[in-house]
Amino acid sequence: NWDDERAWTILRRVRAAMPDHGRLLIAEPVLPDTADADTINHAALENPYLTDLHMLVTIGGRQRTRAESTALCARAGLRVTEVVPLAQELNASLIEVVPDTVA
């Protein structure tokens, strides 16, 4: 939920401290790649795009799509291996990240 520069700094420091066989689990909302009526109007969830906008306006942070999270992690020397949606009422996913030993 941090802006890109702060999130990158955190991930870069985690990568520096992590062994090559380490694994990082991030519990974070993951925005859908595209907005459709089901995403925006789903009664069981708060609109993820409004939450993203609220974060941007109030604290300067943001939520990301899977592609945006993958790119941010890659910039920090990490590789996303899996994204697993958690229970719908949690409105989050578990993002599994490992060191990118090729980076």
Being farther than 15 Å from Glu28 by Cβ, among the charged types (D, E, K, R) and either touching a residue at least 60 places away in the same chain (Cβ under 8 Å) or open to solvent by 70 Å² or more (accessible area, probe 1.4 Å) (or both) is the filter here, so list the residues in the range 61-103 that pass it.
Arg75, Arg79, Glu89
For the range 1-54, name all the residues that are at pLDDT below 80, open to solvent by less than 70 Å² (accessible area, probe 1.4 Å) and outside any loop (DSSP other than H, G, I, E, B).
Ala37, Thr39, Pro48, Tyr49, Thr51, Asp52
Enumerate the pairs (first residue in the range 16-27 and in contact (Cβ under 8 Å) with a residue 40 or more places away in the chain; second residue anywhere and in a helix (DSSP H, G or I)) with beta-carbon separation below 7 Å, excluding pairs fewer than 6 apart on the same chain, so at least 6 apart or on different chains.
Leu24/Val14
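The values are calculated or read from the model by the stated rules, or taken from the named source; none is laboratory data. Given the structure is predicted, the values throughout are model-derived calculations rather than measurements. Don't worry about glycine lacking a Cβ; one is built from the backbone with ideal geometry, like all the others, and counts go over all protein chains shown. Note: accessible area is taken over every heavy atom of the protein model, side chains too, but ligands, DNA and RNA are not part of it. Shrake-Rupley method; radii C 1.70, N 1.55, O 1.52, S 1.80 Å.
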